[in-house]
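The values are calculated or read from the model by the stated rules, or taken from the named source; none is laboratory data. Just so it is clear, the structure is predicted and the values come from calculations on it, not from any experiment. Cβ: placed from backbone, ideal geometry, glycine included. Neighbour counts: every protein chain shown. Calculation scope for accessible area: heavy atoms of the full protein, side chains included, ligands and nucleic acids excluded. Shrake-Rupley method; radii C 1.70, N 1.55, O 1.52, S 1.80 Å.
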Amino acid sequence: MKPYWMLFRELGINAPARYKGQAKVTCPHCQQRKPGTRDRDLSVNFETGAYKCHSAKCNFQGYVRQPAEKGYSRPEFKNLTEAPDWVVKYLTSRGILQEAIKEKHVSASPYGKAIRFNYFRAGELINYKDRIQLEGGKKTFRQHPGAEKILYNLDSLQGRKKAIITEGEIDALSFISAGAERRGFAVLSVDQGAPAPGAQAGGKLECLRNCAQELDAVEAFYLCCDNDEPGRALFEELVRRLGAHRCYEVQLPEWAKDANDVLSRKELSLELRYESLLLALEQAKPVDMPGIVELNADILEDIFEIYEKGIKKGQTTGFAILDEHFTFLPGDLTIVTGIPGHGKSQFLRHIMLNKAVGAGWRWACYVPEDWPADYWFADLAITYTGKPLHGEGRMSEQELLQALEFISEHFIAIYPEQDKEGNIELPTNEWLNNAIRFAKLKYGVNAYVKDPWNRIYHEFGEREDRYLAEQLSKENIFAKEFDAAIIVAHPTKMSNITTPHAYNISGGAMWYNMADNIISIFRDIESGENATNVAVLKVRKQRQVGKPGTVKFYFDERSLRYCEDREMTKQGHVALAGVLELASLNGHSEHVPF
């Protein structure tokens, strides 16, 4: 999705390259009317796509619209100013105002008796959702085939920095009827309800991916999910994707399943029901930030589970022999170092694929040394299939397409691009973390790799150690939001080094002090064995993660895979190590590519 400043320029508006806020620029229509004018009468908003000329003689205004992605279908727009009586009677019986029904273009489906909720972006109909009532009080839903999934009532974000997110359209209409929009709140709903507890959100929250740019500009989210297990699962995934620092929990009365239940309590006047819903909104509590922890019931339960079953271990790497020394503990910051050209990046690619295939992990990867990205994605495809792109035994076109489809769902490459004027934003660590946060919001990534650290733009100043102390302290906090956080840092001096260590990195003492785990990867060339040594040098939480030690792997150039059996590489039949067992354990065996 293009940023709005690019869309402004495509419209002929000379807008600066910004992602937030507003600006005054010269109106292209006024320039045609009076050549040479420098008046900046045109306001542009980089968060909503709105533009408006304030000159009395000009009516140039509107919204720039994101083009529909290839393959999306859109329903035909019709005049939706009136809803049939039965729709109005049903919704008003549940406390929804007729004004809200009309303003939000609620209508009836032409395909049987169903309420239709219409989804707009910048005034254009993008999708609809039919609520079909079945016998026995059950209901089912239907959307426009092939439509882009977006949030309900998305246009309410225009000009607002606070947003309520609910689990359903009627819940959103409940807040709208109570007057939340008049109080400065955008009111949104996810389009497919809540995921099942323990299941991956995946396509259920595709609407977040397609509305990520609009959501990124919001300063505070008020989450009002259903009072049940799926609702809690939705709440936790929304907090993870949107960021706990800007989330509030709207706590409904215990007897209410959802927001509309509050409006359905007929023993109270409608005004009191509206006030009750708005009171819950006013009393919303900030979501607990990482690092601020009290001894609550959940922690007590965890402690007793440790007491009965033992301490929880980190998550497998997909290599059983490596798991004895290192596993993934959520929130840990792991530093990987090693001799350049000895396979650090490829070994990490193999581990990332282990976790993507086996546990559904999604990775955001800053890999400038593998740019352009097509080579990097191609290497992932080779490792995934275990077959080369060329030569004898190469993968079929169908296998390549299947691999690339999987990779596109689980890997995001990050790299700064130049705009039309040739300007390039420097990839500072702050810029990179903002990009990773956005990838978490849009794609649901839960792990990241920065490979390598020295290709990030750094302003050390006079003291590199002080700079590192500040940056790595921030990185430790940032890492707490992810299941895995990995930084590759090259050694600065390689003479007489047999096992590269964190102290060989520039500012080495600071790296050693700030990292949770340190891994060194290097090939044993002198012995003639040409094994790849993976040395786990430091583990801060050894009872959970593993104990330091070294294991040997052998690299198969044909499949770009590693295994602990040298004979397997000679035979050229190296499996995606450990993934079969891992996938079976995690219920993802259908993704195993062999």
Report task. Might you check whether a residue that is over 28 Å from the mean Cα position of the chain (by Cα) and surrounded by fewer than 15 Cβ atoms within 10 Å (Cβ to Cβ) occurs anywhere in segment 140-163? Result -> yes
Requested in this report: Determine if segment 227-241 includes at least one residue that is surrounded by fewer than 17 Cβ atoms within 10 Å (Cβ to Cβ) and more than 20 Å from PRO195 (Cβ to Cβ).
Outcome: no
Query raised in the report: Hey, does segment 121-129 have a residue that's under 25 Å from ARG232 (Cα atoms) and crowded, with 22+ Cβ neighbours inside 10 Å?
Result: yes
Query raised in the report: Looking at segment 419-441, which of the residues that are part of a loop (DSSP other than H, G, I, E, B) and within 30 Å of LYS474 (Cβ to Cβ) is modelled with the highest pLDDT?
Result: PRO427
Requested in this report: Working only within segment 304-357, note down all residues that are without any contact (Cβ under 8 Å) to a residue 40 or more places away in the chain and within 22 Å of ASP524 (Cβ to Cβ).
Outcome: GLY341, ILE351
Query raised in the report: Among the residues of segment 353-382 satisfying the criterion of being of a type in the set (A, V, I, L, M) and open to solvent by less than 10 Å² (accessible area, probe 1.4 Å), which is farthest from LEU401 (Cα to Cα)?
Result: VAL367
Query raised in the report: Are there any pairs, at least 6 apart or on different chains, whose C-beta atoms fall under 8 Å, with the first in segment 82-98 and free of Cβ contacts under 8 Å to residues at least 40 places away in the same chain and the second in a loop (DSSP other than H, G, I, E, B), and if so, which?
Result: ALA83/VAL106; TRP86/LYS113; VAL87/VAL106
Query raised in the report: Which one of these is out of contact with any strand residue (DSSP E or B) (no Cβ under 7 Å at 6 or more places or on another chain) and either touching a residue at least 40 places away in the same chain (Cβ under 8 Å) or open to solvent by less than 10 Å² (accessible area, probe 1.4 Å) (or both): PRO253, PRO195?
Result: PRO195
Query raised in the report: From the set of residues in segment 161-217 that are touching a Ser or Thr at 6+ places or on another chain (Cβ under 8 Å) and charged (D, E, K, R), which is nearest to GLU282 (Cα to Cα)?
Result: GLU181
Requested in this report: Among what's in segment 49-78 and is at pLDDT below 80 and buried (at least 17 other Cβ atoms within 10 Å of the Cβ), pick the residue that is nearest to the chain's Cα centre (by Cα).
Outcome: GLN66
**Report entry** Condition met for THR140 (of a type in the set (Ser, Thr, Tyr) and in contact (Cβ under 8 Å) with a residue 24 or more places away in the chain)
**Finding:** no
Requested in this report: Looking for whichever is over 30 Å from ALA381 (Cβ atoms), within 25 Å of the chain's Cα centre (by Cα), among the acidic types (Asp, Glu) and open to solvent by 10 Å² or more (accessible area, probe 1.4 Å) here; the options are ASP288, ASP302, ASP261, ASP298. Which one fits?
Outcome: ASP288
Report summary line: Scanning segment 397-418 for residues that are open to solvent by 50 Å² or more (accessible area, probe 1.4 Å), assigned to a loop (DSSP other than H, G, I, E, B) and without any contact (Cβ under 8 Å) to a residue 24 or more places away in the chain gives GLU417, GLN418
Report task. List the number of the failed condition for ILE339; all other conditions in (1) under 28 Å from MET514 (Cβ atoms); (2) buried (at least 22 other Cβ atoms within 10 Å of the Cβ) hold. Result -> (2)
Query raised in the report: Does ILE170 satisfy being in contact (Cβ under 8 Å) with a residue 40 or more places away in the chain and within 29 Å of SER43 (Cα to Cα)?
Result: no
Query - Condition met for LEU223 (in contact with a strand residue (DSSP E or B) (Cβ under 7 Å, 6 or more places away or on another chain), open to solvent by less than 20 Å² (accessible area, probe 1.4 Å) and not hydroxyl-bearing (Ser, Thr, Tyr)) - result: yes
